[in-house]
């Protein structure tokens with residue numbers, strides 16, 4: 001699924017990486033725990049989370065995530081956006097809760113693995 005389709009489905013705002021909306025996302029993973037994200041997220045995934053600190057960008061890089069969607073209308077600080085820019089990692093934000101976001105994407109065909 002293209003990142004642009006995800007943006008549309010989640011009515012998400014692109015915080016950084018507008019030019020990367022044609023990126024292909026192979027699976028999704030939603031979590032607010034760093035430890036679970038490290039254990040279960042897979043390369044090529046879309047990471048959905050309410051965590052907005054710089055560690056989430058570092059985690060996304062480690063698990064080779066393709067993009068991050070911040071849920072519940074969360075907005076990361078400038079240092080997070082800058083680190084994502086350096087890592088070439090698109091960031092989006094949606095008003096939907098984590099559960100809703102995952103459900104919307106699942107109904108549209110995005111799976112966890």
field: Output for region 93-111, where each listed residue is in contact with a helix residue (DSSP H, G or I) (Cβ under 7 Å, 6 or more places away or on another chain) and over 16 Å from residue 44 (Cα atoms)
entry: 94, 96, 101, 104, 108
query: Looking at (1) in contact with a helix residue (DSSP H, G or I) (Cβ under 6 Å, 6 or more places away or on another chain); (2) free of Cβ contacts under 8 Å to residues at least 60 places away in the same chain, which is the only condition residue 50 fails?
result: (1)
message: The conditions are (1) more than 19 Å from residue 6 (Cβ to Cβ); (2) touching a strand residue (DSSP E or B) at 6+ places or on another chain (Cβ under 9 Å), and residue 75 fails exactly one of them. Which is it?
response: (1)
task: Can you run down the residue pairs with Cβ atoms below 7 Å, 6 or more apart or on separate chains, where the first is in region 100-113 and touching a residue at least 40 places away in the same chain (Cβ under 8 Å) and the partner is buried (at least 16 other Cβ atoms within 10 Å of the Cβ) and part of a helix (DSSP H, G or I)?
output: 101/10; 104/9; 104/10; 105/6; 105/9; 108/9
Count of residues meeting criterion [part of a loop (DSSP other than H, G, I, E, B) and closer than 22 Å to residue 35 by Cα] in region 91-108: 1
query: Cβ-Cβ below 9 Å, separation at least six or inter-chain, first residue in region 77-94 and farther than 17 Å from residue 49 by Cβ, second surrounded by fewer than 22 Cβ atoms within 10 Å (Cβ to Cβ): which pairs?
result: 82/16; 85/16; 85/17; 88/17; 88/20
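A short reminder: the numbers here are calculations on the coordinates, not readings from a lab. Quantities reported herein were computed from a predicted structural model and do not represent experimental measurements. Neighbour counts run over all protein chains shown; Cβ positions are idealised from the backbone, glycine included.
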